[in-house]
Amino acid sequence: MQSKLLRFLFFFLVFLIVFQLFGQRNSKQNNSGDDILISSKSKFTIGKVVILDIENQSSKEIAIENNCPNNPLLVEYYQNGEWVKKEAVLEDNEKCDETKGVKVSPEESTKVNFGLWNYELFSEIGRYRITYETILEDRTKNYTHEFSIVKPSLIKRGWNALLYKPIFNTLFFFVSKLPGNSLGWAIILLTILIKLILLGPNQKALKSQKQLQRVQPQLDALKQKYKNDPQRLAQETMGIWKKHKVSPMGSCLPMLIQFPILIALFYVVRDGLSITNLDLFYAPLKDFDLSMVDPLFLGLNLTKVNALILPLIIGGLQFIQINLSLAKTKKSSGGPAAMPMMNNMMKFMMPVMIAIFTASLPAAVGFYWGTSTLFAIGQQLVVNYSKD
C-alpha cells in the first residue's frame, strides 16, 4: 500500500511540476498607460524564442505588417551607451509562407514571434528594445518594450550538457538518417533507445512492486492485528519486508532516476522543431536543415495540437498500463485483496490528466508518451506473467 501511495504521489508531483512550468507567464508591461500595450518576459535565456504580446486598447484597428524576409518590428540592442538597430533577413524566402501580417481590433491582442529570426537577432547577452510604430489619431506613434537576454544558469548549462543536448542530437540524428526525414519514426526510435537504456531500473521497479503486492495481504492482516499498537505494527511490517526482501521505496527510486530524463525528452519533442539556438547541435549536425523534417505521421502533424483522437488513444493506453500495474493479488485465505481507494484514484484520474495534458500540446509530445506507454505495457506484461 505504501509503495502504491508513493507511486501515485510521485506521478502527481511530476504533472504538478510540469503544469506549473507551462502555466507560468512572467510578463512585464512597460507602457501600461498607452493605447497599445506590449508585454513579454522581462528576461529571456539566450537561445529561447522571444515572443511579444501586443494588446490594442485604442478605439481603432491596428495592423502588424508582415516584413518577411526581414524581421518583424524594429529591434535595437543597447551598446556603448546607445541603442543600435539590429536586422535579420531570412535566406530561405519559402519560410515566409509561415508568416503573415495581422490586424488587431480594439480590445483584442496578438503575438509577435521572432522564431525565424531569433538566433541572428538575439545571439548576444544584454538589453533589447522592440518598437512598434502605427498611426493613431492622425499622427504617428511609437510604442516600445525592453527586455534582457541573459546567460543560462549553472544548473541550466549542466542540464543542457548532460541531458538535453544528447537527447536533442540523438533525435535529429535519427531524423537525418531516416528516409524522408520522418519525425514520427525518429521519436519511436528515440523512445525505444531510452527505454532500453532504462530497462534495468524499470524492471527492478516493476518486480519490487509485484513483490509488494504479494505481501500486501500479510501487511493488511498486521494492520488489523496491531491497529492499537503503532510501534509493534511498524516492527512487524519491517520484519515482513526483511523476510521477503522487499522495500516500499524499491519501485520509486528507479523512477526518480528516470525523472530528469523524462523531462528532458518532453522538452526535446515539444520544442525540437522550433529551436533557434544552433549551438545545441553537435558538429556532425551543424548543417542539418530543420525545414527538411517531415512532421506528418499516420495522418497527424506532430508539430500541431491534436485535441481529440490522440488524447483519447494516449489516455486509453495509460489506463491499460496502470490497470496492469495494479493487478490484483490473492489473500492467503483465497479471497481477493481489497483495492485501496488511492489505487482507484490513480487508475481513473491519471489517464484523464494525461489525456488533458496531451490535448494541450503539440502531437509530438503525445506521440512520444504513447510510444513510451506501449513499451511500458510490454514490460508490465512480462513482469506480471513471470514466475519469480
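The values are calculated or read from the model by the stated rules, or taken from the named source; none is laboratory data. In this text the structure is predicted, and so the values were computed from the model without any measurement. Methodologically, a virtual Cβ is constructed for each residue, glycine included, from the backbone with ideal geometry; neighbour enumeration extends over all protein chains shown.
Of the residues VAL150, VAL246, VAL215, the single one that is in contact with a His (Cβ under 9 Å, 6 or more places away or on another chain) and over 30 Å from MET292 (Cβ atoms) is VAL215.
Anything in the stretch 210-247 that is within 37 Å of the chain's Cα centre (by Cα) and either in a helix (DSSP H, G or I) or of a type outside the set (Val, Ile, Thr) (or both)? List them, or say none.
Residues satisfying the conditions are LYS210, GLN211, LEU212, GLN213, ARG214, VAL215, GLN216, TRP241, LYS245, SER247.
Restricting the search to the stretch 69-93, which residues are touching a residue at least 40 places away in the same chain (Cβ under 8 Å) and within 31 Å of the chain's Cα centre (by Cα)? Scanning the stretch 69-93 gives ASN71, PRO72, LEU73, VAL75, ASP92.
Do we find that VAL150 is in contact with an Asp or Glu (Cβ under 8 Å, 6 or more places away or on another chain) and surrounded by 13 or more Cβ atoms within 10 Å (Cβ to Cβ) in this structure? No: the conditions fail for VAL150.
Of the numbered criteria (1) touching a Leu at 6+ places or on another chain (Cβ under 9 Å); (2) hydrophobic (A, V, I, L, M, F, W, C); (3) closer than 21 Å to LEU280 by Cβ, the one VAL112 fails is (3). Just one of (1) modelled with pLDDT under 80; (2) within 20 Å of ILE356 (Cβ to Cβ); (3) more than 20 Å from the chain's Cα centre (by Cα) fails for ILE320. It is (1).
Listed here are the residues, each with its yes/no results for (1) surrounded by fewer than 18 Cβ atoms within 10 Å (Cβ to Cβ); (2) in contact (Cβ under 8 Å) with a residue 60 or more places away in the chain; (3) not hydrophobic (A, V, I, L, M, F, W, C).
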position	(1), (2), (3)
LYS207	yes, yes, yes
LYS210	no, yes, yes
GLN213	no, yes, yes
GLN216	no, yes, yes
ASP220	yes, yes, yes
LYS225	yes, no, yes
PRO230	yes, no, yes
MET238	yes, no, no
HIS244	yes, no, yes
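Report the residue count in the stretch 43-62 for those that are farther than 20 Å from TRP117 by Cα, in contact (Cβ under 8 Å) with a residue 60 or more places away in the chain and not in a loop (DSSP other than H, G, I, E, B).
1
If you filter the stretch 252-295 down to residues that are within 21 Å of the chain's Cα centre (by Cα) and of a type in the set (Phe, Trp, Tyr), you find that the one that is modelled with the lowest pLDDT is PHE259.
Could you check, for the stretch 93-101, whether at least one of its residues is among the polar types (S, T, N, Q), over 18 Å from GLU55 (Cα atoms) and not assigned by TED's automatic domain parsing to the domain that holds VAL269? Checked the stretch 93-101: at least one residue is among the polar types (S, T, N, Q), over 18 Å from GLU55 (Cα atoms) and not assigned by TED's automatic domain parsing to the domain that holds VAL269. The residue of the stretch 96-106 that is modelled with the lowest pLDDT, among those that are part of a helix (DSSP H, G or I) and surrounded by fewer than 15 Cβ atoms within 10 Å (Cβ to Cβ), is GLU98. Candidates in the stretch 167-192 are the residues that are of a type in the set (Gly, Ala, Ser) and surrounded by fewer than 19 Cβ atoms within 10 Å (Cβ to Cβ); of these, the one that is nearest to PRO295 (Cα to Cα) is GLY180.
Tell me, which residue of the stretch 341-374 that is within 18 Å of LYS210 (Cα to Cα) and surrounded by 14 or more Cβ atoms within 10 Å (Cβ to Cβ) is modelled with the lowest pLDDT?
In the first step, residues of the stretch 341-374 are kept if they are within 18 Å of LYS210 (Cα to Cα); the result is 342-344, 346-347.
Adding the requirement that they be surrounded by 14 or more Cβ atoms within 10 Å (Cβ to Cβ) leaves 342-343, 346-347.
Numbers: MET342: 60, ASN343: 64, MET346: 69, LYS347: 75.
Within the stretch 341-374, the match that is modelled with the lowest pLDDT is MET342.
Exactly one residue out of SER148, SER109 is modelled with pLDDT under 95, among the hydroxyl-bearing types (Ser, Thr, Tyr) and at negative phi: that is SER109. Of all the residues in the stretch 65-85, those that are part of a strand (DSSP E or B) and crowded, with 19+ Cβ neighbours inside 10 Å number 1. Restricted to the stretch 113-130, and to residues there that are aliphatic (A, V, I, L, M) and surrounded by 18 or more Cβ atoms within 10 Å (Cβ to Cβ), the residue that is farthest from the chain's Cα centre (by Cα) is ILE130.
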